[in-house]
Amino acid sequence: MKLKKRIIFTLLFSKGYFYLSRNFRLQKIGNLEWLKCNYNFNNVSFFIDELIILNVDRDPSDISEFCMVIKDISKEIFVPLSVGGGINNMQKVRNLFDSGADKVVLNTNLFSGNNLPKEICSFYGKQCLVASLDLKKENDIYIIYSKSGSQYQGELDLFLERNDIRDNVGEFYLNSINNDGTGNGLDMELAEYFYSKIRTPFIIAGGIGKSEHILNSLS
């Protein structure tokens, strides 16, 4: 089966503001009103296939403000909306879906040993769950990190052998820590490597700096 190629836009949010990221170092750029003034989502949504919004707050225990932002933005767009960050229980999952999310994104809690991925899959279907993997290439081996790139989680190869994760995930989000925010282009070796190992749909992120990078990845 040949997978459809898509263009997906990612926003990073924390404590009322949106951020840019470079190798996982955050730079504040503006609040929701700034975003609306600079990005007309009614127009942008015609040129993307999906929008992802990630809460990168280091302590996202209270996601009420994030939910309000999701609810506001979801009214402006007509493409699927995936959201994540700090999701550690089903109540937060329900709150995000109630706020307008179409899918939820899990990162750190993929590795916590709880049953949250399975619970989400059982209740909403695995098409509603995106597994986010922050990956750093070290000595030609892809290593997974969680907790905003600070906690080692082992080699990608070993992770992909875990059926308990693969069976409960509808999509993967692969973010290259090496390329993140550099504008040097996507890690297409990572994309090819992942595709050779698994047929689950995936998103490759980190490194787009100009239109040629998008064109090259879609060719």
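Here are the numbers for this structure:
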item: With all protein chains modelled, accessible area of residue 108 [1.4 Å, Å²]; result: 50 Å²
item: Solvent-accessible area per residue for the chain (1.4 angstrom probe, square angstrom); result: 52 Å²
item: Shape box of the chain [Cα atoms, principal axes, largest first, Å]; result: 42, 40, 35
item: Pairwise centroid distance, computed over Cα atoms, of segment 3-81 with segment 141-212, Å; result: 20 Å
item: Accessible surface of residue 111 - all protein chains present, 1.4 Å probe, nearest 10 Å²; result: 40 Å²
item: Cα gyration tensor of segment 150-193 - equivalent ellipsoid semi-axes, whole Å, descending; result: 23, 13, 10
item: Within-14-Å neighbourhood charge of residue 112 [Cβ basis; K, R +1; D, E -1]; result: +2
item: Estimated [θ] at 222 nm from DSSP helical runs (n ≥ 4, -39500 (n - 2.57)) normalised by residues in the chain, nearest 500; result: -7500 deg cm²/dmol
item: Apportionment of accessible area to carbon and sulfur, the chain, percent (1.4 Å); result: 48 percent
item: Volume of the Cα convex hull of segment 28-126, divided per residue and given in Å³; result: 107 Å³
item: Built amide H within the under 5 Å cut-off of residue 178, gap 5+; result: 137
item: Mean Cα-pair separation over length for segment 1-118, i.e. relative contact order, pairs under 8 Å, 6 or more apart, %; result: 23 percent
item: Contact order relative to length of the chain, as percent, for alpha carbon pairs under 8 angstrom and 6 or more apart; result: 15 percent
item: Calculated P(r) tail over 17 Å for segment 116-219, as whole % of Cα pairs; result: 54 percent
item: Relative contact order for segment 58-164, counting Cα pairs under 8 Å that sit 6 or more residues apart, in percent; result: 18 percent
item: Residue-count net charge about residue 86 - beta-carbon cut-off 14 Å; Lys, Arg +1, Asp, Glu -1; result: 0
item: Net charge contributed by nearby residues that have their C-beta within less than 13 Å of residue 31 (K/R +1, D/E -1); result: 0
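The values are calculated or read from the model by the stated rules, or taken from the named source; none is laboratory data. This is a predicted model, so every value here is computed, not measured. For neighbour counting, all protein chains shown are included, and Cβ atoms are generated from backbone atoms with ideal geometry for every residue, glycine included. Each accessible area value is taken on the protein alone, full model and side chains, heavy atoms only, with ligands, DNA and RNA left out. Shrake-Rupley method; radii C 1.70, N 1.55, O 1.52, S 1.80 Å.
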